1. With respect to Gly124, determine if the residue is surrounded by fewer than 17 Cβ atoms within 10 Å (Cβ to Cβ) and either out of contact with any Phe, Trp or Tyr (no Cβ under 9 Å at 6 or more places or on another chain) or among the acidic types (Asp, Glu) (or both).
2. Take Asp42 and tell me if it is in contact with a Phe, Trp or Tyr (Cβ under 9 Å, 6 or more places away or on another chain), under 29 Å from Asn192 (Cβ atoms) and either acidic (Asp, Glu) or free of Cβ contacts under 8 Å to residues at least 40 places away in the same chain (or both).
3. Return the only residue of Arg281, Arg238, Arg226 being among the charged types (D, E, K, R), at pLDDT 95 or above and touching a Phe, Trp or Tyr at 6+ places or on another chain (Cβ under 6 Å).
4. Quick one: which of Asp54, Asp48 is crowded, with 16+ Cβ neighbours inside 10 Å and either acidic (Asp, Glu) or over 30 Å from Asn207 (Cβ atoms) (or both)?
5. Among the residues of region 135-156, count how many are more than 15 Å from Leu19 (Cβ to Cβ) and in contact (Cβ under 8 Å) with a residue 60 or more places away in the chain.
6. Within region 64-75, how many residues are surrounded by 14 or more Cβ atoms within 10 Å (Cβ to Cβ) and either of a type in the set (D, E, K, R) or more than 17 Å from Val91 (Cα to Cα) (or both)?
7. Quick check on region 68-82. Is at least one of its residues in contact (Cβ under 8 Å) with a residue 12 or more places away in the chain and over 30 Å from Arg43 (Cα atoms)?
8. Scan region 245-260 residue by residue and report those that are in contact (Cβ under 8 Å) with a residue 40 or more places away in the chain and either over 24 Å from Gly141 (Cα atoms) or in contact with a helix residue (DSSP H, G or I) (Cβ under 8 Å, 6 or more places away or on another chain) (or both).
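The values are calculated or read from the model by the stated rules, or taken from the named source; none is laboratory data. Keep in mind it's a predicted model, so treat the numbers as computed, not measured. Every residue, glycine as well, gets a Cβ built from its backbone with ideal geometry; the counts of neighbours run over all protein chains shown.
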Amino acid sequence: MAVLGRGTAYGSCSLLHALGAGYGASLSLDLPAKVMIRDSPDRQEIVDPHGLLDAVKATWTEAGLPFGEEYHWMVRSEVPMGMGLKSSSAVAAAAVLALAEATETSLEIAQVVELAVRAQIAAGCTVTGSVDDTWAAVTPGWKVVNPQVPIEEGIALEGLWPEPEEWAVFIVERGERTVEIDPQSFARAQMNFQKALVAIQQGALDNALTENGRGVALSTQDQIGRKICNDLLVWGARCAGISGSGPSVVFMIPSVNEAAIDRILDTLSGRGLSVFETAIRTE
């Protein structure tokens, strides 16, 4: 039962939804997804409702890359599925990295992103292509990405979150997404998404996260999510927004504000909401 190859990629949260502005941006978080290639099947059943790993295999072989007959997947992911935290991008990218190691194939990082994006599209688990999410899966920080141009040409802006170690980052889970996403509905929130883009351009990443979340709430008619975000801001969070197309809510607060953090967590718990802490990825 040997491990032939390993790959690790990461979940992320949204700064700019690609359906809203034509450009997407996601911030990489410390939510690892690990994929291994083994010479025997994993005893633990793999949860893969979209057939993403089969799509990775098909995309890999269609690119003319080798795939061993006795390769078996093993997945250990800390990225919640179906919540807007980019679990598909993380698993797809990690699977590509594992295959590269198992087959001793040298890939540029843009090639990893390209293969992972193609697999997600083939599996039907993305509307936009999730190019920004996939970049965030394999590189720290954030990138504003144009998904309509070739991968290596699509990065318009990029950077890191300032002083990430000084921020406490929390996820309000809210279960898996239950509404079907209508791409046309994002047009009604153009003002919010444009504000988010301008905020990124000005380096106000916290404002971008909040404004983007407002746009998503309006586009998906998630009034409860919008109220949670508004309440979090009143309670002391520096920023709060729905991630991806929802339903999870990401909020951040300076880690020195321990009293405010305790108050927020106690209040959310009292409302029956599940929360977990993560961090901004730095390497």
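1. Criteria met by Gly124.
2. no
3. Of the residues listed, the single one that is among the charged types (D, E, K, R), at pLDDT 95 or above and touching a Phe, Trp or Tyr at 6+ places or on another chain (Cβ under 6 Å) is Arg281.
4. Of Asp54, Asp48, the one residue that is crowded, with 16+ Cβ neighbours inside 10 Å and either acidic (Asp, Glu) or over 30 Å from Asn207 (Cβ atoms) (or both) is Asp48.
5. So the count comes out to 10.
6. So the count comes out to 2.
7. Within region 68-82, not a single residue is in contact (Cβ under 8 Å) with a residue 12 or more places away in the chain and over 30 Å from Arg43 (Cα atoms).
8. Listed by number, the residues that qualify are Ser245, Gly246, Pro247, Val249, Val250, Phe251, Met252, Ile253, Pro254, Ser255, Val256.
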